[in-house]
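Student: Got a structure for you, questions after.
The values are calculated or read from the model by the stated rules, or taken from the named source; none is laboratory data. Quantities reported herein were computed from a predicted structural model and do not represent experimental measurements. Note that each Cβ is placed from the backbone with ideal geometry, even for glycine, and that neighbours are counted across all protein chains shown. Note: accessible area is taken over every heavy atom of the protein model, side chains too, but ligands, DNA and RNA are not part of it. Shrake-Rupley method; radii C 1.70, N 1.55, O 1.52, S 1.80 Å.
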Amino acid sequence: MPATSANLGPAFDCAGLALTLHDVVEFAVRDGGLTVEVSGVGAAELPTDESHLVVRAFRAACEQLGWTPPGLCVRAVNAIPQGRGMGSSAAAVVAGVVGAWALCPGVEAVDGDAVLRLVSEIEGHPDNVAACLLGGATLSWTTPGGARADRLPVSDEVLPVLLVPEATLSTHLARTLLPDAVPHADAAFNAARAALLVHALVAEPSQLLEATEDRLHQRQRAEAMPATIALVDRLRAAGHAAVVSGAGPSVLVLTRRHPDDVPGDPAAAVRVREVTDVTPEGWRVYPLEVDSGGARVTRVAPGVSSS
(Lines give C-alpha, C1' and ligand atoms only; values in the text may rest on other atoms or scores of the structure.)
Protein backbone atom coordinates (compact mmCIF):
# COMPACT_ATOMS: atom_id res chain seq x y z
CA MET A 1 0.00 0.00 0.00
CA PRO A 2 1.59 3.29 -1.04
CA ALA A 3 1.88 6.39 1.08
CA THR A 4 -0.16 9.29 -0.22
CA SER A 5 -0.23 13.06 -0.03
CA ALA A 6 -3.60 14.77 -0.26
CA ASN A 7 -4.75 18.28 -1.24
CA LEU A 8 -1.53 19.15 -3.14
CA GLY A 9 -2.11 22.75 -2.19
CA PRO A 10 -5.39 24.09 -3.61
CA ALA A 11 -7.33 20.85 -4.32
CA PHE A 12 -8.61 20.44 -0.76
CA ASP A 13 -10.23 17.05 -0.08
CA CYS A 14 -10.30 16.12 -3.78
CA ALA A 15 -6.76 15.42 -5.01
CA GLY A 16 -4.13 12.93 -3.94
CA LEU A 17 -0.76 11.59 -5.03
CA ALA A 18 0.56 8.06 -4.46
CA LEU A 19 4.21 7.81 -3.44
CA THR A 20 6.85 5.08 -3.47
CA LEU A 21 6.86 4.42 0.27
CA HIS A 22 4.87 1.35 1.22
CA ASP A 23 3.22 -0.63 3.98
CA VAL A 24 3.01 -4.36 3.24
CA VAL A 25 0.18 -6.31 4.88
CA GLU A 26 -0.22 -10.10 4.73
CA PHE A 27 -3.50 -11.87 5.48
CA ALA A 28 -4.10 -15.55 6.12
CA VAL A 29 -7.38 -17.28 6.93
CA ARG A 30 -7.02 -19.60 9.93
CA ASP A 31 -9.22 -22.12 11.75
CA GLY A 32 -10.03 -19.67 14.52
CA GLY A 33 -8.99 -16.62 16.51
CA LEU A 34 -7.14 -13.45 15.52
CA THR A 35 -3.40 -12.82 15.38
CA VAL A 36 -1.98 -9.40 14.53
CA GLU A 37 1.77 -8.89 14.12
CA VAL A 38 3.13 -5.41 13.41
CA SER A 39 6.71 -4.44 12.63
CA GLY A 40 8.45 -1.43 11.16
CA VAL A 41 7.60 2.25 11.66
CA GLY A 42 5.47 2.92 14.75
CA ALA A 43 4.99 -0.77 15.53
CA ALA A 44 5.16 -0.31 19.30
CA GLU A 45 2.36 2.27 19.22
CA LEU A 46 -0.20 0.26 17.26
CA PRO A 47 -2.76 -2.21 18.70
CA THR A 48 -2.60 -5.92 17.94
CA ASP A 49 -6.25 -6.80 18.45
CA GLU A 50 -9.62 -6.13 16.82
CA SER A 51 -9.10 -2.38 17.22
CA HIS A 52 -6.27 -2.32 14.67
CA LEU A 53 -7.46 -0.25 11.71
CA VAL A 54 -6.53 -2.91 9.16
CA VAL A 55 -8.62 -5.47 11.04
CA ARG A 56 -11.57 -3.10 11.39
CA ALA A 57 -11.50 -2.37 7.67
CA PHE A 58 -11.21 -6.08 6.88
CA ARG A 59 -14.24 -6.84 9.07
CA ALA A 60 -16.26 -4.04 7.43
CA ALA A 61 -15.53 -5.48 3.99
CA CYS A 62 -16.42 -8.99 5.15
CA GLU A 63 -19.76 -7.72 6.42
CA GLN A 64 -20.45 -6.10 3.06
CA LEU A 65 -19.45 -9.30 1.26
CA GLY A 66 -21.51 -11.52 3.57
CA TRP A 67 -18.48 -13.59 4.57
CA THR A 68 -17.17 -14.47 8.02
CA PRO A 69 -13.72 -16.12 8.01
CA PRO A 70 -13.24 -18.64 10.84
CA GLY A 71 -9.99 -17.03 11.93
CA LEU A 72 -7.49 -14.48 10.70
CA CYS A 73 -3.77 -13.77 10.85
CA VAL A 74 -2.54 -10.29 9.89
CA ARG A 75 1.14 -9.38 9.50
CA ALA A 76 1.93 -5.73 8.77
CA VAL A 77 5.34 -4.33 7.89
CA ASN A 78 5.00 -0.55 8.04
CA ALA A 79 7.17 2.05 6.34
CA ILE A 80 4.68 4.96 6.34
CA PRO A 81 5.02 7.19 9.43
CA GLN A 82 1.74 7.68 11.31
CA GLY A 83 0.24 11.07 12.10
CA ARG A 84 2.38 12.92 9.57
CA GLY A 85 -0.07 13.62 6.74
CA MET A 86 1.27 10.76 4.61
CA GLY A 87 -1.85 8.61 4.34
CA SER A 88 -0.98 5.92 6.89
CA SER A 89 -4.62 5.44 7.89
CA ALA A 90 -5.69 5.37 4.23
CA ALA A 91 -3.12 2.65 3.54
CA ALA A 92 -4.43 0.61 6.48
CA VAL A 93 -8.06 0.97 5.40
CA VAL A 94 -7.33 0.09 1.77
CA ALA A 95 -5.21 -2.88 2.84
CA GLY A 96 -7.99 -4.27 5.04
CA VAL A 97 -10.76 -3.88 2.48
CA VAL A 98 -8.73 -5.11 -0.49
CA GLY A 99 -7.46 -8.03 1.59
CA ALA A 100 -11.01 -9.13 2.38
CA TRP A 101 -12.06 -8.89 -1.26
CA ALA A 102 -8.98 -10.86 -2.35
CA LEU A 103 -9.61 -13.70 0.13
CA CYS A 104 -13.39 -13.92 0.04
CA PRO A 105 -14.50 -17.28 -1.44
CA GLY A 106 -16.47 -16.99 -4.63
CA VAL A 107 -15.18 -13.50 -5.46
CA GLU A 108 -13.23 -13.65 -8.70
CA ALA A 109 -11.79 -10.14 -8.69
CA VAL A 110 -11.60 -7.02 -6.57
CA ASP A 111 -14.40 -4.60 -7.47
CA GLY A 112 -12.53 -1.28 -7.53
CA ASP A 113 -15.68 0.87 -7.48
CA ALA A 114 -17.17 -0.98 -4.51
CA VAL A 115 -13.86 -0.88 -2.65
CA LEU A 116 -13.51 2.87 -3.24
CA ARG A 117 -17.00 3.52 -1.88
CA LEU A 118 -16.36 1.49 1.27
CA VAL A 119 -12.86 2.79 2.04
CA SER A 120 -14.12 6.36 1.57
CA GLU A 121 -16.94 5.73 4.05
CA ILE A 122 -14.48 4.31 6.59
CA GLU A 123 -11.87 7.05 6.09
CA GLY A 124 -14.43 9.85 5.88
CA HIS A 125 -13.22 11.33 2.59
CA PRO A 126 -11.83 9.84 -0.63
CA ASP A 127 -8.70 11.87 -1.42
CA ASN A 128 -6.02 9.68 0.21
CA VAL A 129 -7.76 6.34 -0.26
CA ALA A 130 -8.37 7.01 -3.96
CA ALA A 131 -4.67 7.68 -4.57
CA CYS A 132 -3.67 4.66 -2.49
CA LEU A 133 -6.05 2.41 -4.37
CA LEU A 134 -5.50 3.67 -7.93
CA GLY A 135 -1.95 5.02 -7.84
CA GLY A 136 -0.61 8.11 -9.58
CA ALA A 137 -2.42 11.39 -9.06
CA THR A 138 -6.15 11.13 -8.50
CA LEU A 139 -9.15 13.41 -8.49
CA SER A 140 -12.01 12.28 -6.27
CA TRP A 141 -15.54 13.45 -5.57
CA THR A 142 -18.69 12.22 -3.89
CA THR A 143 -22.10 11.50 -5.39
CA PRO A 144 -25.39 10.31 -3.88
CA GLY A 145 -24.19 6.80 -4.77
CA GLY A 146 -20.84 7.18 -2.99
CA ALA A 147 -17.28 8.21 -3.77
CA ARG A 148 -15.89 8.33 -7.28
CA ALA A 149 -12.34 8.90 -8.50
CA ASP A 150 -10.26 9.06 -11.63
CA ARG A 151 -6.53 8.75 -12.20
CA LEU A 152 -4.31 11.31 -13.94
CA PRO A 153 -1.20 10.42 -15.99
CA VAL A 154 1.50 12.35 -14.11
CA SER A 155 4.37 13.81 -16.14
CA ASP A 156 7.66 11.94 -15.80
CA GLU A 157 9.28 15.26 -14.85
CA VAL A 158 7.43 15.43 -11.51
CA LEU A 159 9.61 14.21 -8.65
CA PRO A 160 8.10 14.39 -5.14
CA VAL A 161 10.21 14.98 -2.04
CA LEU A 162 8.69 14.53 1.42
CA LEU A 163 10.04 16.39 4.43
CA VAL A 164 8.91 14.71 7.65
CA PRO A 165 9.26 16.19 11.16
CA GLU A 166 9.35 14.30 14.44
CA ALA A 167 6.11 15.98 15.54
CA THR A 168 2.71 14.49 14.72
CA LEU A 169 -0.69 16.07 14.12
CA SER A 170 -4.09 14.42 14.12
CA THR A 171 -6.30 15.01 11.11
CA HIS A 172 -9.24 15.63 13.43
CA LEU A 173 -7.42 18.44 15.25
CA ALA A 174 -6.29 19.99 11.96
CA ARG A 175 -9.86 20.04 10.66
CA THR A 176 -11.20 21.77 13.77
CA LEU A 177 -9.05 24.80 12.88
CA LEU A 178 -10.76 25.36 9.54
CA PRO A 179 -13.39 28.14 9.31
CA ASP A 180 -17.01 27.30 8.54
CA ALA A 181 -17.10 29.80 5.66
CA VAL A 182 -14.53 31.29 3.29
CA PRO A 183 -14.56 34.48 1.19
CA HIS A 184 -15.86 34.09 -2.35
CA ALA A 185 -12.59 35.52 -3.72
CA ASP A 186 -10.56 32.83 -1.93
CA ALA A 187 -12.84 30.07 -3.20
CA ALA A 188 -12.49 31.36 -6.76
CA PHE A 189 -8.71 31.62 -6.33
CA ASN A 190 -8.46 27.99 -5.25
CA ALA A 191 -10.78 26.76 -7.98
CA ALA A 192 -8.51 28.36 -10.59
CA ARG A 193 -5.36 26.97 -8.98
CA ALA A 194 -6.87 23.47 -8.67
CA ALA A 195 -7.68 23.50 -12.39
CA LEU A 196 -4.16 24.67 -13.18
CA LEU A 197 -2.77 21.95 -10.91
CA VAL A 198 -4.23 19.25 -13.16
CA HIS A 199 -2.55 20.80 -16.20
CA ALA A 200 0.76 21.21 -14.34
CA LEU A 201 0.85 17.62 -13.11
CA VAL A 202 -0.06 16.11 -16.45
CA ALA A 203 1.54 18.33 -19.06
CA GLU A 204 3.32 21.42 -17.76
CA PRO A 205 5.31 20.89 -14.52
CA SER A 206 6.95 24.29 -14.99
CA GLN A 207 3.70 25.77 -13.65
CA LEU A 208 3.65 23.77 -10.41
CA LEU A 209 4.72 26.69 -8.22
CA GLU A 210 1.69 28.80 -9.14
CA ALA A 211 -0.55 25.73 -9.41
CA THR A 212 0.07 24.77 -5.77
CA GLU A 213 -0.94 28.11 -4.25
CA ASP A 214 -3.68 27.86 -1.61
CA ARG A 215 -5.89 30.20 0.38
CA LEU A 216 -8.39 27.79 1.96
CA HIS A 217 -6.71 25.52 4.48
CA GLN A 218 -2.93 25.74 4.98
CA ARG A 219 -2.54 29.18 6.54
CA GLN A 220 -5.69 28.59 8.60
CA ARG A 221 -3.98 25.68 10.39
CA ALA A 222 -0.67 27.42 10.98
CA GLU A 223 -1.07 27.59 14.76
CA ALA A 224 -1.03 23.78 14.95
CA MET A 225 2.16 23.45 12.86
CA PRO A 226 4.14 26.73 12.78
CA ALA A 227 7.42 25.02 11.80
CA THR A 228 5.67 23.40 8.83
CA ILE A 229 4.20 26.63 7.53
CA ALA A 230 7.52 28.41 8.04
CA LEU A 231 9.29 25.73 5.98
CA VAL A 232 6.65 25.90 3.22
CA ASP A 233 7.11 29.70 3.09
CA ARG A 234 10.91 29.41 2.84
CA LEU A 235 10.73 26.82 0.10
CA ARG A 236 8.14 28.70 -1.94
CA ALA A 237 10.10 31.95 -1.61
CA ALA A 238 13.05 30.05 -3.12
CA GLY A 239 10.91 28.89 -6.05
CA HIS A 240 9.97 25.38 -4.90
CA ALA A 241 6.40 24.03 -5.23
CA ALA A 242 6.01 23.19 -1.54
CA VAL A 243 2.72 22.40 0.21
CA VAL A 244 1.51 20.92 3.47
CA SER A 245 1.16 17.17 2.94
CA GLY A 246 -2.43 16.28 3.76
CA ALA A 247 -3.34 17.57 7.20
CA GLY A 248 0.37 17.94 8.03
CA PRO A 249 2.79 18.38 9.57
CA SER A 250 4.93 16.91 6.74
CA VAL A 251 5.79 19.01 3.71
CA LEU A 252 5.54 17.81 0.12
CA VAL A 253 7.78 19.43 -2.47
CA LEU A 254 7.05 18.77 -6.13
CA THR A 255 10.47 19.13 -7.71
CA ARG A 256 11.21 18.57 -11.40
CA ARG A 257 13.44 15.94 -12.93
CA HIS A 258 15.93 17.09 -15.56
CA PRO A 259 15.57 15.28 -18.91
CA ASP A 260 19.11 13.89 -18.51
CA ASP A 261 18.47 12.46 -15.02
CA VAL A 262 18.20 8.71 -14.67
CA PRO A 263 14.67 7.55 -13.70
CA GLY A 264 14.66 5.86 -10.31
CA ASP A 265 17.68 7.82 -9.06
CA PRO A 266 16.21 10.57 -6.82
CA ALA A 267 19.68 11.86 -5.95
CA ALA A 268 20.05 13.05 -9.55
CA ALA A 269 16.93 15.26 -9.42
CA VAL A 270 17.30 18.94 -10.11
CA ARG A 271 17.09 21.09 -6.93
CA VAL A 272 16.58 18.20 -4.48
CA ARG A 273 19.79 19.28 -2.76
CA GLU A 274 18.46 22.82 -2.46
CA VAL A 275 15.36 21.45 -0.72
CA THR A 276 17.48 19.35 1.63
CA ASP A 277 19.70 22.30 2.53
CA VAL A 278 16.82 24.36 3.95
CA THR A 279 15.16 21.47 5.79
CA PRO A 280 15.41 21.93 9.59
CA GLU A 281 17.53 19.61 11.69
CA GLY A 282 15.59 16.58 12.88
CA TRP A 283 13.37 16.40 9.80
CA ARG A 284 13.72 13.37 7.55
CA VAL A 285 14.03 13.82 3.79
CA TYR A 286 12.38 11.25 1.51
CA PRO A 287 13.22 11.74 -2.20
CA LEU A 288 10.53 9.56 -3.79
CA GLU A 289 8.78 8.78 -7.06
CA VAL A 290 5.12 8.82 -8.02
CA ASP A 291 3.71 5.33 -7.42
CA SER A 292 1.77 4.57 -10.58
CA GLY A 293 0.47 1.15 -9.52
CA GLY A 294 -1.49 1.83 -6.33
CA ALA A 295 -2.68 -1.05 -4.18
CA ARG A 296 -1.28 -4.40 -5.24
CA VAL A 297 -2.42 -7.90 -4.31
CA THR A 298 -0.03 -10.86 -4.36
CA ARG A 299 -1.29 -14.36 -3.66
CA VAL A 300 1.36 -16.28 -1.74
CA ALA A 301 -0.51 -19.54 -1.08
CA PRO A 302 -4.11 -20.77 -0.81
CA GLY A 303 -5.83 -18.69 1.85
CA VAL A 304 -2.99 -16.18 2.02
CA SER A 305 -2.65 -12.81 0.32
CA SER A 306 -0.54 -9.69 0.80
CA SER A 307 -1.39 -6.14 -0.15
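Student: Hey, among Leu173, Leu162, Leu169, Leu152, which residue is at pLDDT 95 or above and either in contact with a helix residue (DSSP H, G or I) (Cβ under 7 Å, 6 or more places away or on another chain) or within 14 Å of Asp13 (Cα to Cα) (or both)?
Tutor: Leu152
Student: Is it the case that segment 94-107 has a residue that's within 14 Å of the chain's Cα centre (by Cα) and open to solvent by less than 40 Å² (accessible area, probe 1.4 Å)? Break it down stepwise before answering.
Tutor: Within segment 94-107, the subset within 14 Å of the chain's Cα centre (by Cα) is 94-95.
Pick out the ones that are also open to solvent by less than 40 Å² (accessible area, probe 1.4 Å) and you get 94-95.
Yes, there is a match, as at least one residue in segment 94-107 is within 14 Å of the chain's Cα centre (by Cα) and open to solvent by less than 40 Å² (accessible area, probe 1.4 Å).
Student: Could you tell me which residue of segment 117-129 is farthest from the chain's Cα centre (by Cα), considering only residues that are open to solvent by 10 Å² or more (accessible area, probe 1.4 Å) and hydrophobic (A, V, I, L, M, F, W, C)?
Tutor: Leu118
Student: Tell me whether segment 50-72 contains one or more residues that are under 21 Å from Ala174 (Cα atoms) and under 19 Å from the mean Cα position of the chain (by Cα).
Tutor: Yes, some residue in segment 50-72 is under 21 Å from Ala174 (Cα atoms) and under 19 Å from the mean Cα position of the chain (by Cα).
Student: Which residues, taken from segment 69-81, are in contact with an Asp or Glu (Cβ under 7 Å, 6 or more places away or on another chain) and part of a loop (DSSP other than H, G, I, E, B)?
Tutor: Within segment 69-81, Pro70, Ala79, Ile80 qualify.
Student: Going residue by residue through segment 50-65, is there one that turns out to be in a helix (DSSP H, G or I), modelled with pLDDT under 95 and of a type in the set (Asp, Glu)?
Tutor: Checking segment 50-65: not a single residue is in a helix (DSSP H, G or I), modelled with pLDDT under 95 and of a type in the set (Asp, Glu).
Student: Look through segment 165-203, keep the residues that are among the β-branched types (Val, Ile, Thr) and part of a loop (DSSP other than H, G, I, E, B), and return whichever of them is most open to solvent (accessible area, probe 1.4 Å).
Tutor: Within segment 165-203, the first condition is being among the β-branched types (Val, Ile, Thr), and the residues that meet it are 168, 171, 176, 182, 198, 202.
Next, only the ones that are part of a loop (DSSP other than H, G, I, E, B) stay: 168, 182.
Values: Thr168: 91, Val182: 68 Å².
So the residue we want is Thr168.
Student: From the set of residues in segment 1-32 that are over 11 Å from the mean Cα position of the chain (by Cα) and open to solvent by 50 Å² or more (accessible area, probe 1.4 Å), which is farthest from Gln82 (Cα to Cα)?
Tutor: Asp31
Student: Show the residue pairs that are 6+ apart or on different chains and have beta-carbon atoms under 6 Å apart, the first residue being within segment 231-250 and closer than 11 Å to Gln218 by Cα, the second being open to solvent by 10 Å² or more (accessible area, probe 1.4 Å) and part of a helix (DSSP H, G or I).
Tutor: Ala247/Thr171
Student: Ok, one more. For segment 42-57, give me each residue that is hydrophobic (A, V, I, L, M, F, W, C) and surrounded by 17 or more Cβ atoms within 10 Å (Cβ to Cβ).
Tutor: Within segment 42-57, Leu46, Leu53, Val54, Val55, Ala57 meet the criteria.
Student: Right, something else. So, in segment 204-221, how many residues would count as being open to solvent by less than 40 Å² (accessible area, probe 1.4 Å) and either in contact with a Ser or Thr (Cβ under 7 Å, 6 or more places away or on another chain) or part of a helix (DSSP H, G or I) (or both)?
Tutor: Counting residues in segment 204-221 that are open to solvent by less than 40 Å² (accessible area, probe 1.4 Å) and either in contact with a Ser or Thr (Cβ under 7 Å, 6 or more places away or on another chain) or part of a helix (DSSP H, G or I) (or both) gives 4.
Student: Which residues, taken from segment 117-149, are in a helix (DSSP H, G or I) and farther than 26 Å from Thr212 by Cα?
Tutor: Across segment 117-149, the qualifying residues are Arg117, Leu118, Val119, Glu121, Ile122.
Student: With Cys132, Cys73 as the choices, which residue is open to solvent by less than 20 Å² (accessible area, probe 1.4 Å) and touching a residue at least 60 places away in the same chain (Cβ under 8 Å)? Talk me through it step by step, then tell me what you get.
Tutor: Numbers: Cys73 fails: touching a residue at least 60 places away in the same chain (Cβ under 8 Å).
Answer to the selection: Cys132.
Student: Now for a different question. Tell me, which residue of segment 135-158 that is in contact (Cβ under 8 Å) with a residue 24 or more places away in the chain and polar (S, T, N, Q) is surrounded by the most Cβ atoms within 10 Å (Cβ to Cβ)?
Tutor: If we take residues in segment 135-158 being in contact (Cβ under 8 Å) with a residue 24 or more places away in the chain and polar (S, T, N, Q), then Thr138 is surrounded by the most Cβ atoms within 10 Å (Cβ to Cβ).
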